[in-house]
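S.K.: Have a look at this one before I ask anything.
Read-outs throughout are calculated quantities, based only on the coordinates presented, and are distinct from any laboratory measurement. Quick caveat, the model's predicted, so the values are computed rather than measured. Neighbour counts run over all protein chains shown; Cβ positions are idealised from the backbone, glycine included.
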Amino acid sequence: MRSRVPRYAALLAALVSASPGLARAQATASSGGATIAVALDAARGLEPRARTEIVAVLDSARLAGLPADALSALASKVVEGINKGAAPDRIARVVHESYSAMRAAQSILGPDVAPGEIAAGAGALRAGLAGRDLQRIKLASRSRPATGALVVATDMINRGVPAADAVAAVVRLAESGADGEALLQLQSDVARDVAAGVAPRSAALERARVLSSRPRTPSSPASAGSPSPAIPQ
Amino acid sequence: MSEHRERDDALAPSVEEAARRLARPVPASPSLVPNVMAAIDRRGLPRRGAMRRLLQRRMLRLSPVQIGLMAASIALAGVFVGRYSRWGIERHESWAAGQSALALTATAGITPGPLTIAVEVHPRGVRFVLSAPEVRNVSLVGDFNGWRADATPLVRDPTTGLWTVDLPISAGRYSYAFVVDGRWMADPQSPRAPEDDFGRPNSVLVVNREASRT
């Protein structure tokens with residue numbers, strides 16, 4: 001009987017694994033992104049030094065207790081670099097930098113984080129935000145995920161808005177109770193204004209002022225992308 | 001060089017003699033075959049693979065209790081699989097009610113024209129729409145599909161020229177880009193990914209599961 005238990009378990013596992021229902025469920029569960037296993041498999045073709053460094057970083061990330069979505073984002077960096085044809089040393093460096101930023105964001109944002117917050121926080125830190133800026137944005141977002149506010153602040157910095165003003169703009173909007181659509185509106189309005197020649201700082205602060213003073217109405221996807229009139233230069 | 005050749009010539013007869021000796025058949029001992037067979041018997045047969053053992057006839061010799069256990073387990077597995085599958089679908093439906101995508105743009109007004117992109121949330125996930133009637137191939141690459149250009153092709157509606165694809169993306173932050181006729185391009189209407197790490201810019205999509213408004 002004892003020797004038959006493994007056979008029985010193996011048969012059961014084979015039956016369950018072969019089920020199309022479970023395969024569908026697994027596909028659904030894994031649709032969130034790349035896994036560490038996928039990244040390690042993809043890294044097999046890299047030169048040994050870069051591969052060793054990548055494996056070490058991924059292992060450290062797993063042991064450090066990064067949430068699953070952050071691990072997935074880190075693993076995705078590996079496969080992104082490989083599929084974009086980047087040099088192995090560069091991939092290893094980027095993965096290392098991303099991991100360091102994620103660890104910093106994790107310690108700043110605390111254990112209560114929404115999906116994507118650590119990756120967004122890491123991106124913000126890499127773009128030049130300080131740790132206290134992340135804390136301000138997290139606090140201003142209250143019970144909502146801070147992911148969107150962090151991404152919009154980072155986008156504005158990349159468009160030339162000084163970090164302090166980008167943070168002030170998203171904090172003002174978040175504190176007014178604005179939702180993700182208002183944040184998107186801020187991002188797209190500032191992007192358009194900057195492209196039209198408005199000073200980035202003015203664009204961010206003025207757009208945040210206008211949007212935060214708007215009465216909040218139930219969101220409708222059809223109106224989410226409609227641009228506001230450009231602010232005067 | 002010539003010294004080596006002379007030495008090779010001098011050794012040639014001895015090499016030939018060695019080759020002649022080696023070519024002769026060596027008479028085998030009469031006890032060789034029985035000894036080999038006895039050694040094989042002592043060592044036993046090699047272990048068979050797990051699948052082969054599973055398929056052995058003795059596997060089917062189960063007691064009534066074992067048969068009952070197996071049937072109950074298979075039934076339980078069926079229930080588990082069914083529930084898990086349904087949960088996978090229901091999960092999207094339930095979070096779709098309160099979610100928003102930061103890259104959300106209106107698709108209602110999108111008309112065929114040069115490269116216009118929209119991303120919208122719908123009950124089963126996120127829909128990516130690209131208006132590019134002149135191009136031949138469009139696909140989506142990103143954190144959600146392992147950055148493989150062949151993983152998520154967009155389908156073209158021949159009447160409108162709109163390319164679309166629906167993805168069951170869960171809440172989170174994703175970097176992504178489009179590949180249009182082999183050319184990687186970011187979505188100009190979405191936030192830029194801050195980390196342009198590999199030379200080709202990406203966009204960011206944030207799918208939130210909004211907390212209740214307070």
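S.K.: Would you mind ranking A:Glu97, A:Glu47, A:Glu181 so that the residue whose beta carbon has the fewest other beta carbons within 10 Å leads the list?
M.R.: Numbers: A:Glu97 16, A:Glu47 11, A:Glu181 19.
Taking fewest neighbouring Cβ atoms as first place, the list is A:Glu47, A:Glu97, A:Glu181.
S.K.: Going by the alpha-carbon gyration tensor, a ≥ b ≥ c the square roots of its eigenvalues, is region B:130-212 rounded (a/c under 1.5) or, if a/c is not under 1.5, prolate (a/b greater than b/c) versus oblate?
M.R.: Here region B:130-212 falls in the oblate category.
S.K.: Here's something else I'd like to know. When you look at the Cβ of every residue in A:113-121, what mean number of other chain Cβ atoms sits within 10 Å?
M.R.: Taking the mean over all residues of the peptide, I get 5.
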